[in-house]
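Peer 1: Shown below is the structure under consideration.
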Amino acid sequence: MINKKIAYISGTRADFGLMTPVLAAIKKSKKLDLKLYVTGIHLMPEFGNTIKEIKKQFPEIIEVKAVFESDEKQAMAEFASILISKLVSLFEKDRPDFVLTLGDRPEMISVALVCLYLGIPTGQIHGGDKSATVDEIARHAITKLSHLHFPATREAAERIKKMGEESWRIKVVGAPALDVIMNEQLPTREQLFKNLGLDLKKKVILVTQHPVSEEYEKSGSQMAEIISAIKTFELPVVIIYPHADAGGRRIISEINKENKNPNFHIFPSLPHKDFLALEREAAVWVGNSSAAMIESASFGVPIVNIGGRQSDRQRGLNVLNVGYDRNKIKRAMKKSLFDTAYLKTLKKIKNPWGDGKTGQRVMKTLENIKIDSKLLNKQITY
């Protein structure tokens, strides 16, 4: 019996970190063969040369040469157009049996569109989530282009069903990030702080701020407000570069103004397990990352979520929402750092995003799914 060829295309450190448990499960399967492609930010040295991290775990990868050429909005559309053109040739040659996508990135909508017209079935992980901005539109478009759905929660599954998708196509699997958090050993506080050059005795602030497409021209001034608020606490700060989306380089420019600030520890990227350990050890996590919404409740770390990028995202009870105002950010950070009654409540919260078994669930579904006309020919249910 010939194994099914399962393909995945990674474009950022974030999607690769999330997908690692799923990719590892597929690689171990005796019925599946993994084909891993990398593109986008992985091929841009200024964003941490993250392709090296991928090669440590998955040496046999295929590079798809498409990158973000500028900090402007049109660069995202131009990137997608180049990627689509290259994927058509690659997938015609390699002809995977099934392709996985994740979430809402331009890489993923490009993959889903190419596969639709080449007659290759796709399955989306983290479909049905609510977030905001162009990301939400892209996520739901990918859902409608997909043949199988792997939502993280029952709430997300219900949204997919309301979009007219057949129930048998929807498999609730949980969030893959929790597989690593719940099942794998992360660096200790001592190991992590030594690697990052941090003082073990001090509280640490984690910052991950990404640009919002609809506000990309303001991304620099928004980052300046955040940095101004953070600096008032005079605590060590670990700050990670954003994605290369429109506005990302404006954020990086503001971050790099703190290069000589001894409290600021600036990294283009971190290995995924180091980043998860940093989430666990952070006294407060500031920014607008989806990881803060999905992963942080597992550690009970307080979150100051800034702006509208995650405004409708399902989350735990450890999240405080504020706008781009340094005084409001400071107040939320002060509560997160020093309000003992609030911090005590966070120790009891449960993560609504899963149980750490996502990789195995996705792998088993792919092993058993029959690739035929029933899978490929979709019709809306109403």
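No lab work stands behind these numbers, since they all come straight from the coordinates. In this text, all values refer to a predicted model and were calculated from it rather than measured experimentally. Here the Cβ is made from the backbone with ideal geometry for all residues, glycine too, and neighbour counts use every protein chain on show.
Peer 1: Listed here are the pairs Lys30/Lys273; Lys27/Lys73; Lys65/Lys202; Lys65/Lys328; Lys231/Lys344; which of them are more than 31 Å apart at the Cα? Present the calculation step by step, with values, prior to reporting the outcome.
Peer 2: Numbers: Lys30/Lys273 27 Å; Lys27/Lys73 36 Å; Lys65/Lys202 42 Å; Lys65/Lys328 42 Å; Lys231/Lys344 25 Å.
Going by Cα-Cα distance, Lys27/Lys73; Lys65/Lys202; Lys65/Lys328 fall outside the 31 Å limit.
Peer 1: Another question, then. Run the numbers on segment 122-197 and let me know its relative contact order in percent, using alpha-carbon pairs under 8 Å that are six or more apart.
Peer 2: For segment 122-197, the relative contact order is 28 percent.
Peer 1: Counting each pair of different Cα atoms once, what's the Kirkwood radius of the chain in Å, rounded to one decimal?
Peer 2: Numbers: mean 1/r = 0.0471 Å⁻¹.
One over the average 1/r among Cα pairs gives 21.2 Å for the chain.
Peer 1: Neighbouring Cβ atoms within 10 Å as the yardstick, rank His140, His272, His149 fewest first.
Peer 2: On the way: His140 18, His272 21, His149 25.
Arranged by neighbour count, lowest to highest, His140, His272, His149 become His140, His272, His149.
Peer 1: Just want to confirm a number: the relative contact order over the chain, from Cα pairs under 8 angstrom separated by 6+ residues, in percent.
Peer 2: Values: 757 pairs, mean separation 69.1, N = 382.
About 18 percent, as a whole number.
Peer 1: How much FRET efficiency would the formula 1/(1 + (r/R0)^6) give for Ser70 and Thr345, where r is the Cβ-Cβ distance and R0 is 51 Å, rounded to 0.05?
Peer 2: Values: r = 45 Å, r/R0 = 0.88.
Rounded to the nearest 0.05, the efficiency is 0.70.
Peer 1: Give the Rg/Rh ratio for segment 104-229, taking Rg as the radius of gyration of the Cα atoms and Rh as the Kirkwood radius, to two decimals. Could the numbers behind the result be given before it?
Peer 2: Working: Rg = 19.2 Å, Rh = 17.7 Å.
Result for segment 104-229 is an Rg/Rh of 1.09.
Peer 1: Taking the highest mean first, how do the peptides 303-310, 86-93, 207-214 order by number of other beta carbon atoms within 10 angstrom per residue? If you can, show how the numbers build up before the last one.
Peer 2: Details: 303-310: 24.6, 86-93: 15.4, 207-214: 21.6.
Output ranking for 303-310, 86-93, 207-214: 303-310, 207-214, 86-93.
Peer 1: At 7 Å along Cα-to-Cβ for each site, give me the label-to-label distance between Asn368 and Asn256 in nm.
Peer 2: In this crude spin-label approximation the distance works out to 5.2 nm.
Peer 1: If you don't mind, there's one more thing I want to ask. In nm, give the distance between the simple-model label positions of Met163 and Glu60, each being 7 Å from the Cα along the Cα-to-Cβ direction.
Peer 2: 3.2 nm
Peer 1: Based on Cβ point charges of +1 for Lys and Arg and -1 for Asp and Glu, what charge dipole magnitude is obtained for the chain about its Cα centre, in debye rounded to the nearest 20? The partial results should precede the final answer.
Peer 2: Values: 58 positive and 44 negative charges, 237 e Å.
Computed charge dipole of the chain: roughly 1140 debye.
Peer 1: Bin width 5 Å, origin at 0, all Cα-Cα pairs of segment 224-382: what percent of pairs per bin?
Peer 2: Using 5 Å bins, I get a P(r) of 1, 7, 14, 17, 18, 13, 8, 7, 5, 4, 3, 1, 0 for segment 224-382.
Peer 1: Output the relative contact order of segment 186-346, whole-number percent, from Cα pairs under 8 angstrom with separation of 6+ residues.
Peer 2: Values: 274 pairs, mean separation 37.9, N = 161.
Here the relative contact order equals 24 percent.
Peer 1: A follow-up question, please. So the label point goes 7 Å from the Cα of Met182 along Cα→C-beta, right? Which residues of segment 262-301 then have their backbone N under 16 Å from it?
Peer 2: Taking a point 7 Å out along Cα→Cβ of Met182, the residues of segment 262-301 whose backbone N falls under 16 Å are 294-300.
Peer 1: Largest first and to the nearest Å, give the Cα extent of segment 143-298 along each principal axis.
Peer 2: Per principal axis, max minus min of the Cα coordinates gives 55, 40, 21 Å.
Peer 1: Moving to a separate point now. 222 nm [θ] for the chain, helices only, -39500 (n - 2.57) per DSSP H run of 4+, per residue, to 500? Before the final figure, lay out each step's value.
Peer 2: Values: 16 runs with 166 residues, N = 382.
About -13000 deg cm²/dmol.
Peer 1: Further question on the same structure: Fully extended, how many nm does the chain gain between Asp355 and Glu234 (0.36 nm per residue separation, minus their Cα-Cα distance)?
Peer 2: Taking Asp355 through Glu234 to full extension adds about 39.9 nm, to one decimal.
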